[in-house]
Amino acid sequence: MKDIHIKCYVCVHVFEDTRPVLLVSRPDGDWCFLCGADHANNANAYRVVGIGHVLENDISIDDVMDLKPDWEAERKDIKSDWIRTPIID
Ligand SMILES: [Zn+2]
């Protein structure tokens with residue numbers, strides 16, 4: 001099991017629980033849990049939380065907790081399977 005105190009980034013929608021996590025991204029090994037919508041490219045659109053907070057809100061995210069650095073996983077909706085792809089700049 002992951003250390004639930006690992007810091008991760010969430011978008012404001014996930015933070016405020018207004019949209020589900022549909023995109024998990026690991027740029028440079030960081031964990032980002034995002035709704036998949038467009039966000040302003042600045043810090044105001046994101047929050048830093050402990051990873052356990054994200055996992056306890058949505059158990060289906062547990063399926064991608066073995067995601068490797070510089071990969072991302074996306075799903076159409078919370079009932080769809082995760083589709084993993086390498087992050088390409
Ligand atoms: Zn969002």
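Worth pointing out:
- Spin-label model, residue 78/residue 40: points 7 Å from Cα along the beta carbon direction are separated by 2.7 nm.
- Set of the stretch 17-44 residues, backbone N closer than 19 Å to the point 7 Å along the Cα-Cβ line of residue 85: 21-29, 32-39
- Helix-only [θ]222 nm of the chain, DSSP H runs n ≥ 4, -39500 (n - 2.57) each, per residue, nearest 500: -2500 deg cm²/dmol
- Scoring 67-77, 10-20 by mean Cβ neighbours within 10 Å over their residues and listing the highest first yields 10-20, 67-77.
- Extending 7 Å from the Cα toward the beta-carbon at both residue 3 and residue 60 defines two label points whose distance is 3.0 nm.
- Dipole moment magnitude, nearest 20 debye, the stretch 1-65 about Cα centre, only Lys, Arg, Asp, Glu C-beta charged: 140 debye
- J(HN,Hα) series, the stretch 69-85, from Karplus relation 6.51 cos²θ - 1.76 cosθ + 1.60, nearest Hz, glycine and proline x: x, 6, 10, 9, 10, 10, 9, 5, 7, 5, 9, 7, 6, 6, 10, 9, 9
- Amide H contacts for residue 70 (H built 1.01 Å from N in the peptide plane; partners 5 or more residues away or on another chain; cut-off under 5 Å): 26, 28, 29.
Each value in this text was obtained by applying a stated rule to the coordinates, not by laboratory testing. Keep in mind it's a predicted model, so treat the numbers as computed, not measured. Glycine also receives a Cβ, built like all others from the backbone with ideal geometry; neighbour counts cover every protein chain displayed.
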